[in-house]
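Report on the following structure.
Please treat every number below as a calculation from the coordinates, not as lab data. Computed from a predicted model, the values in this text were never measured in an experiment. Every residue, glycine as well, gets a Cβ built from its backbone with ideal geometry; the counts of neighbours run over all protein chains shown.
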Protein chains: 2
Amino acid sequence: MTEAVSRPTLEAVAARAGVSRATVSRVVNGGDGVREPLAERVRRAVEELGYVPNQAARSLVTRRHDAVAVVIAEPETKVFADPFFALQLRGISKELTAHDNQLVLLLTEGRADHVRVARYLAGGHVDGALVFSLHLDDPLPGLIQDAGVPTVFGGRPGWGEDTPAADPGVAYVDCDNRGGARAAVRHLLDLGRRRIAHITGPLDQTSAADRLDGYRDVMADVLGESDPRLVVESDFTPAGGERAMRELLDRCPDVDAVFAANDLTALGALRVLRESGRRVPDDVAVVGFDDMVPVTEQAEPPLTTVRQDIEEMGRLMARLLLQGLSDGRHRPRTLPGAPAVPGSPGTAVILPTTLIRRASA
Amino acid sequence: MTEAVSRPTLEAVAARAGVSRATVSRVVNGGDGVREPLAERVRRAVEELGYVPNQAARSLVTRRHDAVAVVIAEPETKVFADPFFALQLRGISKELTAHDNQLVLLLTEGRADHVRVARYLAGGHVDGALVFSLHLDDPLPGLIQDAGVPTVFGGRPGWGEDTPAADPGVAYVDCDNRGGARAAVRHLLDLGRRRIAHITGPLDQTSAADRLDGYRDVMADVLGESDPRLVVESDFTPAGGERAMRELLDRCPDVDAVFAANDLTALGALRVLRESGRRVPDDVAVVGFDDMVPVTEQAEPPLTTVRQDIEEMGRLMARLLLQGLSDGRHRPRTLPGAPAVPGSPGTAVILPTTLIRRASA
DNA sequence: TTGAAAGCGCTAACAC
DNA sequence: GTGTTAGCGCTTTCAA
C-alpha cells in the first residue's frame, strides 16, 4: 500500500530559505507584506521541500477549515437512486469550489449514524453544514444544534413549526411546494378533469406535506370537498409510485388524473397505467413535480411537471452558508446558547416553481 | 442561520471536575488508569459542559484523524447515475463505520478538482484514501502519491503497467474482469451463437480493457479470429449502450449475440433491440456484467449477466486500508520517497465472478 | 494513580 | 518589512 510520508514543516521551509517562520507563513497565505526577493526564496524552498501546510495546526489557531459538510438524512441507496440529490449536490459543489471550500459528504445509513455525524460536526472538522431531506421525527436537527455548527437546511425543517420554540434564526432554502402543487392541480382542472388523485411523498417531510396542502387547497376551492380515497401516501420512489397507482385504480377506477408528488413517483404511476390499459393523457392525465429533465423527457409520454431549479437551490444553500460564515467572522464569537443573530442573511429563501407542459397532461 | 458556538475545552472540564487536564484526557480516551470515583466526576463534568474534543488539536499531536477519504474520479452526474458507486460506497461505509472511521466523500467534477483533492489529502485531513474509477491518463494517482497518503485503489490502476516504474506496493481490489468476460462469451458460444458482438466500456479504464481482452481470448480461441466490426467502444451508460447497439445493427445486421461491458450498457442495447423489432434472446442474446440486481431483474427480459460482488469489493478496500494503517502505526514513520513496505497486506485482491443465467441469454 | 510540563505545526500580535 | 513570541487544545512523557 502507498505509505504515509512525514511531511516538512514551516520550520523546515524557514530554515531552508533562511527566514523566520512568520515570513514563510505570510508567503504561503497570500504573501502581502513580504519583499519580492525574499518571497521568491521562500517559494523556492516550499517547492523544493514539497511543503504543504498542516491543516490541523492551521485550523487550531484560525478556527477555520474551509470545508463544509453536506448531510443527507437518507440511506445511501436512496441518495444514489434519486437524481434530486445529485443535482442539488452539483449546485452546492460548484458554489463551494468557487469559494475554495471543500465539500465533505457525510452519509447516514440510519439513526445510529446521526450520532456519529453530530460528533463529527461538533468535533470541528468543518465550518458549517448543509443538511437536507429531514424527516419530522429526526433527531438530527437537535443534535446539529447542540453541535453548534452554522447550518443551512435544504427544505423547510418541520420540527417546532408553529410552536414558540421554533427557532426563528434557522436558515433554509426551499421551493414553493404548495404553490407549485396548486398550479398542477389547477392545470388538471382546466383540462376538465374532476377525479384528480394525488400520490403523496413521505408525509413526514415538509415538501410532501406542503404539496398535499396545495392539492387540497385547490380541490376544496373548486370542488367544495375532495374524496379522501383519491389521496394515497407514497415515498418519492418509482416502486412506491407503482404501488400507489395500483391501490388508486383499485379504489377509484374512475380516476381521470393523477398529480404525483415527484417525477419518479409519476414514472411508476405511468407504468401501472400503461399496464392497466389506460391511455395517458386521454384516459388519465398525469403531472409530476421536480422536472428532472432526463426523467421527464424520456418518460412515455413525456411528463408534464412542476419545475423547480434544484441545482440553483443547492447553490443558494451554499451561498447562504458561506455568507453567514464570513459575516460571523467579523462579529465577536457567539456564546453557547446565544440566540441567532437577528437579521442574519435571508433566513428563508423560497424559489418559485413553473408548470412545464409536455404530453402527459 | 444557526450560529457557531464556542465550545468548552479540556481545561474547562478539568477545572470543573477539579482534576488535571491529563486526567480528563485519559478518561475521554478510554479511561484506563483512572480510579473510578475520579473518572465518574470527570464524566459528569463532560456531560454537564457538553464537551466534545477538538479534533484539530487532537490530530495535531496524534497524527490520526479516524477519517478516510473516498475519491471518485468521475463527474457527480455519473457517480449518482450509476448504482455501481452506491454499492461500493455502501460496502466501504459499513466497514469504516464498524471501525469508527468517518467516510469523507470527495467529489471531482474535472481535472481542476484533482489538484484541489490532492491538496486536501496532502493537508492531512484524513488517514488514507480509497480511490476509484481511474482513467489511464489521470493525473490523480501521481498527485495522490505526492500527497503521501496511504491509498487503496478500486480496480487495477492502469498507469505504469508492465513498466519498471510500476509501483509494486500499490494496493488494489478488483474482480476477475477478464475471466468473467470469458465466461460470458463462452456461454453465448454454447448457446450456438457465432456473430457475437461486444459493446465495451471506456477503454481508458482497465476494467473495460480487461473485459475486452476476455472477449477476444475466447473469440480467437474458438473462431480463430474475430470480426473487428463486432466490437464497439462505449461508456458504461445506458445512452451509450443505445448508440453502440444502433451502430452495431447498422454494421452487422446479422449479429446474434451481444456481450455488454456492464448492465447499464446492456439495458440500452435491449431497448434498441426491442425498437428494431428483434426478440431477445431468440434473435439476439444479451449478456451484461455486474449483476446490479435492481437493474438486471427488472430488465425486459431479465438480464443474464456476470456477477461481481461490488459491495464486498468496497468492504475489502476499506479493510485493506485500515489494516495497512494500523500496521503502519507500529512501524517507524516512513520517510519521504521511501519505498512501500514489501509484503504489505495483500497488494492485490481479485474477487471471482459468476455467470448468472436469466432470460436474456 | 495523578499532575506538571513539553510540544504537535501553525498564525497573529507585537516588537524591532 | 521581518522576526520574536505567545498561544490554539490536545496528548504524552516524566516525576511525584
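Seen against the Cα atoms of chain A and their longest principal axis, helix A:310-330 is set at about 40 degrees.
Structural descriptor for chain A: relative contact order 17 percent, calculated from alpha carbon pairs under 8 angstrom and at least 6 residues apart. Peptide B:266-275 shows a mean partner chain C-beta count of 0 within 10 Å per residue C-beta.
Estimate the FRET efficiency between A:R44 and A:K94 by the formula 1/(1 + (r/R0)^6), using the beta-carbon distance for r and 41 Å for R0, to the nearest 0.05. Show your work: numbers first, answer last.
Details: r = 34 Å, r/R0 = 0.84.
Rounded to the nearest 0.05, the efficiency is 0.75.
With θ taken as phi - 60° and the Karplus curve 6.51 cos²θ - 1.76 cosθ + 1.60 applied, the whole-hertz 3J(HN,Hα) list for segment B:262-268 is 8, 5, 4, 4, 4, 4, x Hz, x standing for glycine and proline.
The mean sequence separation of alpha-carbon pairs under 8 Å and at least six residues apart, normalised by the residue count of segment A:174-268, gives a relative contact order of 36 percent.
GNM on chain B, alpha-carbon springs under 10 angstrom: the most fluctuating residue among B:A220, B:A69, B:A57 is B:A57. What does the net charge come to around B:V284 if you take all other residues with beta carbon closer than 12 Å to its beta carbon, with K and R at +1 and D and E at -1? Result for the local shell: +1.
Measuring between their Cα centroids, segment B:186-222 and segment B:1-32 lie 61 Å from each other. Eigenvalues of the alpha-carbon gyration tensor of segment B:10-62, scaled by 5 and square-rooted, set the equivalent ellipsoid semi-axes at 17, 13, 9 angstrom, largest first. Relative to the longest principal axis of the Cα atoms of chain B, the long axis of helix B:238-251 lies at roughly 20 degrees.
Amide H to amide H distances under 5 Å link B:I356 with B:T305, B:V306, B:R307, where only residues 5 or more positions off or on other chains count and H is placed in the peptide plane. Distances from A:L191 to itself in the other copies, using label points 7 Å out along the Cα-Cβ axis, amount to 4.0 nm in increasing order.
Counting only other chains, and only Cβ atoms inside 10 Å, what mean value do you get across the residues of A:134-142?
Values: counts 0, 0, 0, 0, 0, 0, 0, 1, 0.
The mean count of partner-chain Cβ atoms within 10 Å per residue comes to 0.
Only lysines eight or more places from A:K94 in sequence, or on another chain, were considered; those with a Cα closer than 21 Å are B:K78.
Around A:C252, under 11 Å between beta carbons, what's the net of Lys plus Arg minus Asp minus Glu among the other residues? List each step's numbers first, then the result.
On the way: positive: A:R195, A:R229, A:R251; negative: A:D227, A:E247, A:D250, A:D254, A:D256.
Value of the local net charge: -2.
Close amide-amide hydrogen proximity is noted between A:H198 and A:V231, A:V232, A:F259, each under 5 Å apart and 5 or more residues distant or on a separate chain (H modeled in the peptide plane; Pro and chain starts excluded). Taking the longest Cα principal axis of chain B as reference, the axis of helix B:206-223 is set at about 30 degrees.
Size check on segment B:4-130: the Cα extents along the three principal axes, sorted descending, read 55, 27, 26 Å. A cut-off of 5 Å between modelled amide H atoms, ignoring neighbours fewer than 5 places along the same chain, links B:T151 with A:T2, B:A129.
Inter-part distance, segment A:139-155 to segment B:125-161, computed on C-alpha centroids, equals 34 Å. Where the alpha-carbon atoms of segment A:124-235 are placed on the principal axes, they occupy 57, 27, 20 Å, in descending order.
Among the GluC sites (Glu not before Pro) in segment B:174-244, which ones are in a DSSP loop with at most 15 other Cβ atoms within 10 Å of the Cβ? Mind listing them? Mind showing how you got there, number by number?
On the way: sites: B:E225, B:E233, B:E242; in loops: B:E225, B:E233.
Answer in residue order: B:E225.
Which of the trypsin sites (Lys or Arg not before Pro) found in segment A:259-325 are in a DSSP loop and have at most 11 neighbouring Cβ atoms, other than their own, within 10 Å?
A:R279
Restricting the trypsin sites (Lys or Arg not before Pro) of segment A:18-55 to loop positions (DSSP other than H, G, I, E, B) with no more than 14 neighbouring Cβ atoms within 10 Å leaves A:R35. Both numbers refer to the Cα atoms of segment A:177-309; Rg and Dmax are 12.8, 37 Å.
What does the average come to when, for each residue of peptide A:122-128, you count the partner chain Cβ atoms lying within 10 Å of its Cβ? Please list the in-between numbers first.
Numbers: counts 8, 12, 9, 9, 1, 1, 3.
Neighbouring Cβ atoms belonging to other protein chains average 6 per residue here.
In what sequence do A:L355, A:L105, A:L130 fall when counting other Cβ within 10 Å, fewest first? Walk me through the intermediate numbers first.
Details: A:L355 16, A:L105 21, A:L130 26.
Ranking A:L355, A:L105, A:L130 by Cβ neighbours within 10 Å, fewest first, gives A:L355, A:L105, A:L130.
What is segment B:72-133's relative contact order, in percent, from Cα pairs under 8 angstrom and six or more apart in sequence?
Relative contact order comes out at 50 percent.
The same position A:P37 in the other copies lies at 6.9 nm from this copy, comparing label points 7 Å beyond Cα toward the beta-carbon, shortest first. Taking other C-beta atoms within 10 Å as the exposure proxy, A:H114, A:H198, B:H99, B:H65 rank B:H99, A:H114, B:H65, A:H198 from fewest upward.
Position A:D250: other-copy label points at 4.8 nm, ordered by increasing distance, label point 7 Å along Cα→C-beta.
Suppose we keep just the DSSP beta bridges with both residues in chain A; what percent of those would be antiparallel, to 5? Provide the component values of the computation, followed by the final result.
On the way: 3 of 38 bridges.
Roughly 10 percent of the beta bridges in chain A run antiparallel, per DSSP.
Over its Cα atoms, what ratio of radius of gyration to 2.2 N^0.38 Å does chain A give?
Details: Rg = 25.5 Å, N = 361, 2.2 N^0.38 = 20.6 Å.
Against the compact-globule rule of thumb, the ratio is 1.24.
A Cα-only calculation for the protein assembly as shown places Rg and Dmax at 28.4, 86 Å.
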